[in-house]
Amino acid sequence: MKSHLRTLAASEGFDAFGIGDPDAVPEAGPRLAQWVAAQRHGDMGWMADTLERRAHPRALWGEIRAVVMLGLNYGPDEDPRSILEERTNGAISVYARGEDYHELIKAKLKRLARALLAEAGEGDVKVFVDTAPLMEKPLAMAAGLGWQGKHTNLVSRAKGSWLFLGAIATTLELPPDTASGDHCGACRACLDSCPTGAFPAPYQIDARRCVSYLTIEHKGPIPRDLRPLMGNRIYGCDDCLAACPWNKFAAEGREMKLAARAENKAPALKELAALDDAAFRARFAKSPIKRTGRARMVRNVLVAIGNSGDPGFAPQAADLLSDPEPLVRGAAVWALSRLLPTADFAQIAAQHARSEEDAEVAEEWRAALPPAAA
């Protein structure tokens with residue numbers, strides 16, 4: 001049965017396969033609880049809300065006996081960090097440059113799950129892709145797919161860092177694979193590559209400083225001290241993944257629907273800043289980026305514009321001072337303060353700051369102006 005399932009998984013395009021024992025990761029729950037207690041989850045309240053169910057696979061589903069873990073390679077065709085030098089363009093994380101992986105992988109998992117039940121003639125299954133309270137990375141390590149590196153992401157000796165994970169939980173008794181050992185050694189390339197210092201120690205991440213969290217999950221203004229460190233990263237960050245030496249074994253992804261769309265490889269900041277809500281939804285209709293929404297995306301773009309050093313962006317940032325979304329207006333204030341001479345910025349502030357009704361945006365004006373001008 002296991003051999004048959006492995007063959008079917010390969011035919012579905014999965015690049016990694018293994019079976020994990022749900023009892024093989026007893027330390028994952030306590031570690032997660034410590035992470036949440038330290039507030040390192042930021043404003044991802046759902047991490048705290050689902051803590052008990054996430055602590056152990058049986059807390060999510062009591063009848064579970066095995067977890068089939070699968071990995072789908074999405075390796076890029078070039079080093080994604082090369083875009084970081086193009087300051088008038090935005091850097092989008094590799095995983096979000098193509099179609100939304102959730103639905104694509106879930107469909108593959110459902111076909112495999114049906115085949116598994118047909119082969120067994122009994123049992124039950126549930127499929128998961130990143131959205132349920134299931135600890136995929138520890139389970140993937142238990143299933144032999146790889147290990148959690150010092151950046152806390154999964155690393156495969158054969159595939160490197162670029163793997164989407166999917167899981168099929170089942171009531172069937174399936175023989176587990178041997179857990180993968182840790183092969184990071186003394187290397188700290190991923191830790192040293194982080195632009196915002198999001199790793200307080202190896203194997204620990206503070207989401208509140210992570211660019212992926214700040215640009216995707218964080219709903220409010222990005223902390224001012226972190227904005228200059230973000231460069232032109234507007235959706236996610238690949239630096240710690242791309243820095244991993246094990247990527248010398250990584251291959252380019254084969255799934256065409258996940259391949260980068262041309263318009264998402266290095267999109268012009270000017271074009272993205274001009275998107276209204278309808279244009280945003282149309283442009284990212286099949287992309288995971290649509291989940292973030294227009295306001296957060298334009299906030300990110302304005303931070304990148306502020307970091308560009310190009311005063312040619314100033315008129316567009318000034319236009320967004322009147323945007324309906326306070327989140328956008330606040331980011332526009334900061335961007336403009338970085339692009340204009342102090343006197344010119346103060347003149348614009350005199351027109352806008354006193355009429356601002358949102359407290360957070362008003363604070364952006366106060367923070368951006370020199371004390372005398374404020």
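Some notes on this structure:
- Residue that is surrounded by the fewest Cβ atoms within 10 Å (Cβ to Cβ), among those in the stretch 63-84 that are more than 16 Å from R261 (Cα to Cα) and in contact with a Gly (Cβ under 6 Å, 6 or more places away or on another chain): L84
- Number of the condition not met by I105 [criteria: (1) modelled with pLDDT of 95 or more; (2) more than 16 Å from A259 (Cα to Cα); (3) not charged (D, E, K, R)]: (2)
- Checking each residue in the stretch 58-79 for being within 30 Å of A91 (Cα to Cα) and without any contact (Cβ under 8 Å) to a residue 24 or more places away in the chain picks out only E78.
- Residue match in the stretch 81-94 (condition: in a loop (DSSP other than H, G, I, E, B) and closer than 23 Å to A169 by Cα): no
- Qualifying residue in the stretch 221-237 (condition: at negative phi, buried (at least 22 other Cβ atoms within 10 Å of the Cβ), within 14 Å of the chain's Cα centre (by Cα) and not in a strand (DSSP E or B)): yes
- Residue among L139, L145, L134 that is touching a residue at least 12 places away in the same chain (Cβ under 8 Å) and in a helix (DSSP H, G or I): L139
- Scan of the stretch 80-94 for residues that are touching a residue at least 24 places away in the same chain (Cβ under 8 Å) and of a type in the set (D, E, K, R), ordered by number: R81, E86, R87
- Yes/no for R208 being charged (D, E, K, R), closer than 21 Å to S161 by Cα and outside the structural domain of R338 (by TED's automatic domain parsing): no
- Test: residue in the stretch 134-146 that is assigned by TED's automatic domain parsing to the domain that holds D21, out of contact with any strand residue (DSSP E or B) (no Cβ under 6 Å at 6 or more places or on another chain) and closer than 17 Å to G29 by Cα: yes
- Enumerated helices (runs of 4 or more DSSP H) restricted to the stretch 260-374, each holding at least 2 residues that are over 25 Å from I83 (Cβ atoms) and polar (S, T, N, Q): 342-352
- Selection from the stretch 95-122 of residues that are charged (D, E, K, R), in a helix (DSSP H, G or I) and in contact (Cβ under 8 Å) with a residue 12 or more places away in the chain: K106, K108, K110, R111, E119
- Any hit, the stretch 187-203, residues being in a strand (DSSP E or B), more than 29 Å from K126 (Cβ to Cβ) and out of contact with any Asp or Glu (no Cβ under 6 Å at 6 or more places or on another chain): yes
- Among residues of the stretch 320-347, those that are closer than 18 Å to L275 by Cα, acidic (D, E) and free of Cβ contacts under 8 Å to residues at least 12 places away in the same chain, counted: 0
- Note on the stretch 19-56: residues that are at negative phi, in contact with a helix residue (DSSP H, G or I) (Cβ under 7 Å, 6 or more places away or on another chain) and either surrounded by 18 or more Cβ atoms within 10 Å (Cβ to Cβ) or in contact (Cβ under 8 Å) with a residue 12 or more places away in the chain (or both) amount to 20.
The values are calculated or read from the model by the stated rules, or taken from the named source; none is laboratory data. Quick caveat: nothing in here was measured; it's all calculated off a predicted structure. Heads up, the Cβs are rebuilt from the backbone with ideal geometry, glycines too, and the neighbour counts pull from every protein chain shown.
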